[in-house]
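**Student:** One structure follows; several queries about it will come next.
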Amino acid sequence: MLKQLLQSRRGEGYIDVAIGILCLMLVIALAVSFFPVFTKKQQLDLFATEIVREAEIVGGTNISTRIDTLRRQTGLNPHIEWDCDYYSGNKVQLNSDIAVTLTDTVDIGFFIFGHFSIQLHAKASGKSEVYYK
């Protein structure tokens, strides 16, 4: 009787469903752990676009108040690198290129398997809209 019970395949479908659900939950947990990376990258891109637009309007890279406002709103604190030809001080002449590169890191982890740091970059560029005499 025990031999017949062990050879029976009546409960095989339940085991397959349980393993399938376990695999599905692991995939969902992996996706949830990576989701913050995508949102932070989108916020970093928006941050770069906003400060370049402000620099275009002001005609220079002296826009610390706007950067501080964006840091408070987004919760990001990226490293900012400007690439432009300065006219005088932080001023950029009309129609000169203004480019910015933002760099920030995100820590991701998957349960007990450890944490990994990913470095995110965002770039934006524009042209100055102010004429200096």
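**Student:** Give the residues of the stretch 38-95 that are touching a residue at least 60 places away in the same chain (Cβ under 8 Å) and either assigned to a loop (DSSP other than H, G, I, E, B) or among the polar types (S, T, N, Q) (or both), sorted by residue number.
**Tutor:** Within the stretch 38-95, 49, 59 qualify.
**Student:** Does residue 32 satisfy the condition of being surrounded by fewer than 18 Cβ atoms within 10 Å (Cβ to Cβ), β-branched (Val, Ile, Thr) and either over 19 Å from residue 121 (Cβ atoms) or in contact with a Lys or Arg (Cβ under 8 Å, 6 or more places away or on another chain) (or both)?
**Tutor:** Considered against the rule, which asks whether it is surrounded by fewer than 18 Cβ atoms within 10 Å (Cβ to Cβ), β-branched (Val, Ile, Thr) and either over 19 Å from residue 121 (Cβ atoms) or in contact with a Lys or Arg (Cβ under 8 Å, 6 or more places away or on another chain) (or both), residue 32 comes out as yes.
**Student:** Could you grab me the full set of residues in the stretch 20-52 that are in contact with a helix residue (DSSP H, G or I) (Cβ under 9 Å, 6 or more places away or on another chain), within 30 Å of residue 96 (Cβ to Cβ) and of a type outside the set (A, V, I, L, M)?
**Tutor:** Selection gives 43, 47, 50.
**Student:** Could you please find all residues in the stretch 99-133 being aliphatic (A, V, I, L, M) and within 22 Å of the chain's Cα centre (by Cα)?
**Tutor:** Selection gives 99, 100, 102, 106, 108, 118, 120, 122, 124.
**Student:** When only residues in the stretch 104-133 that are part of a loop (DSSP other than H, G, I, E, B) and within 27 Å of residue 60 (Cα to Cα) count, which is modelled with the lowest pLDDT?
**Tutor:** Within the stretch 104-133, the match that is modelled with the lowest pLDDT is 133.
The values are calculated or read from the model by the stated rules, or taken from the named source; none is laboratory data. Since the model is a prediction, treat every value here as computed from it, not as a measurement. Positions of Cβ are generated from backbone atoms using ideal geometry, with glycine treated the same way; all protein chains shown enter the neighbour counts.
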